[in-house]
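Enquirer: I have a structure I would like to understand better, so I am pasting it below and will then ask my questions one at a time.
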Amino acid sequence: MIETDRQSWGADAHERKVENLYGGGIENYLGHHDGYLNFGLWEDGITDYVKAAENLVQRMGTLLGLDHGSKLLDVAPGMGTQDIYLSRNFSPLSIDGLDVTWGHVEHGRRRAREAHLEDRVRFSHGTATEIPFPDQTFTHVLSIEGPEHFDTREKFLQEARRVLQPGGVIAMADFIMKRRPRNLVEKIVAEAARSLWKVPRANVYPADVYAEKMHGAGFENVTIEELGALVIPGYYFEQMKPETIKAITRIRGVMLARLSLLLDVAVYRGFTMGLLEYVLVRGERS
């Protein structure tokens, strides 16, 4: 595969909004949290963020069934740390990361070079709804905390099926609406989380609708597992630590750090109110 060059998004494009959300201060992240951005899986007494983040990546690699013959597409891989981990721990033939944020792509390519894995782990700039790879290229597709942003998740599922080989597997760690808001306060919290996080309204639905859209896109043997209690509180309390707030402020600046904190609060409150859930989703291409 050939890594794509930097793409240009229109002024009103959803991709530009997501890139702006994640791109602020990206050049300063370097070793913060080892480059991980996911919420982590805080089980088995884990209290360290990096261990929680790697625990989630390990779970996703196992859920996918990665092995030595796998050709993986990772959509929204962040700064590439998770793909280095997957390459070292599951030894797939190849991993192609596709991210909408150019700064993430640059970090990913640097990490692949430093790990001497650039022949097996590659990163491209692009959108999940127009995946720049031919039909039936991959055996597996992964997305960790990316699908809620895609405009729309349904378009991504259709693209994922297109680039998967028959029998290929998709696995996603994602956020869903658990139930509809019942009062004004819940509506404000839900809308704040959706708007701040650049989640299209079309992606706001519960697990049963998610399963229907998976089937509609051509996936079978669909499973959806709720794991919010092992994910969201652990991440929230990590982000609320004074040392984490100080680090994010140094990296992203005061205004963007405050926005990040507000978003973390909105997501946590949405979860504790029973509005939001974190799920692991798996399906097989029919």
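Enquirer: Which one of Y22, Y29 is at pLDDT below 95, closer than 19 Å to F156 by Cβ and of a type outside the set (D, E, K, R)?
Expert: On inspection, the qualifying residue turns out to be Y22.
Enquirer: Also, I was wondering about something else. Could you please give the count of residues in the stretch 224-247 that are within 25 Å of L64 (Cβ to Cβ) and either surrounded by 14 or more Cβ atoms within 10 Å (Cβ to Cβ) or small (G, A, S) (or both)?
Expert: 10
Enquirer: Further question on the same structure: Test T152 against the criterion of being in contact (Cβ under 8 Å) with a residue 12 or more places away in the chain, over 21 Å from L86 (Cα atoms) and not charged (D, E, K, R), and give yes or no.
Expert: The answer is yes for T152.
Enquirer: From the residues in the stretch 163-187 that are over 25 Å from V231 (Cα atoms) and in contact with a Phe, Trp or Tyr (Cβ under 9 Å, 6 or more places away or on another chain), which one is surrounded by the fewest Cβ atoms within 10 Å (Cβ to Cβ)?
Expert: Out of the qualifying residues, it is Q165.
Enquirer: Out of the residues in the stretch 106-125 meeting the condition of being without any contact (Cβ under 8 Å) to a residue 40 or more places away in the chain and of a type outside the set (D, E), tell me which one is farthest from G35 (Cα to Cα).
Expert: Within the stretch 106-125, the match that is farthest from G35 (Cα to Cα) is R120.
Conditions (1) in a loop (DSSP other than H, G, I, E, B); (2) in contact with a Leu (Cβ under 8 Å, 6 or more places away or on another chain), marked per residue:
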{"position": "L73", "(1), (2)": "no, yes"}
{"position": "G78", "(1), (2)": "yes, yes"}
{"position": "S87", "(1), (2)": "no, yes"}
{"position": "L98", "(1), (2)": "no, yes"}
{"position": "E106", "(1), (2)": "no, no"}
{"position": "H116", "(1), (2)": "yes, no"}
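Enquirer: Which one is modelled with the lowest pLDDT, of the residues in the stretch 2-12 that are of a type outside the set (S, T, N, Q) and surrounded by 15 or more Cβ atoms within 10 Å (Cβ to Cβ)?
Expert: Top of the filtered list is E3.
Enquirer: For the stretch 212-286, give me every one of the helices (runs of 4 or more DSSP H) that falls completely inside it and has 2 or more residues that are under 18 Å from the mean Cα position of the chain (by Cα) and closer than 27 Å to L30 by Cα.
Expert: Passing ranges, in order: 232-239, 254-272.
Enquirer: Of everything in the stretch 188-211, what is exposed (fewer than 14 other Cβ atoms within 10 Å of the Cβ), modelled with pLDDT of 95 or more and within 19 Å of the chain's Cα centre (by Cα)? Give them in sequence order.
Expert: R201, A202
Enquirer: Only one of (1) surrounded by fewer than 17 Cβ atoms within 10 Å (Cβ to Cβ); (2) farther than 22 Å from G146 by Cα; (3) of a type in the set (S, T, Y); (4) free of Cβ contacts under 8 Å to residues at least 40 places away in the same chain fails for S286. Which number is that?
Expert: Among (1) surrounded by fewer than 17 Cβ atoms within 10 Å (Cβ to Cβ); (2) farther than 22 Å from G146 by Cα; (3) of a type in the set (S, T, Y); (4) free of Cβ contacts under 8 Å to residues at least 40 places away in the same chain, S286 violates only (4).
Enquirer: What is the number of the single condition among (1) over 25 Å from L196 (Cα atoms); (2) surrounded by 14 or more Cβ atoms within 10 Å (Cβ to Cβ); (3) of a type in the set (S, T, N, Q) that T47 does not meet?
Expert: The failed condition is (2).
Enquirer: Among Q158, Q136, which is the only one that is out of contact with any helix residue (DSSP H, G or I) (no Cβ under 8 Å at 6 or more places or on another chain) and of a type outside the set (G, A, S)?
Expert: Unique residue meeting the criteria: Q158.
Enquirer: Report the residue count in the stretch 49-71 for those that are within 12 Å of the chain's Cα centre (by Cα) and either farther than 22 Å from A247 by Cβ or assigned to a strand (DSSP E or B) (or both).
Expert: Result for the stretch 49-71: 1.
The values are calculated or read from the model by the stated rules, or taken from the named source; none is laboratory data. Just so we're clear, the structure is a prediction, and the values are computed from it rather than from any experiment. Here Cβ is always computed from backbone atoms with ideal geometry, including for glycine, and neighbour counts include all displayed protein chains.
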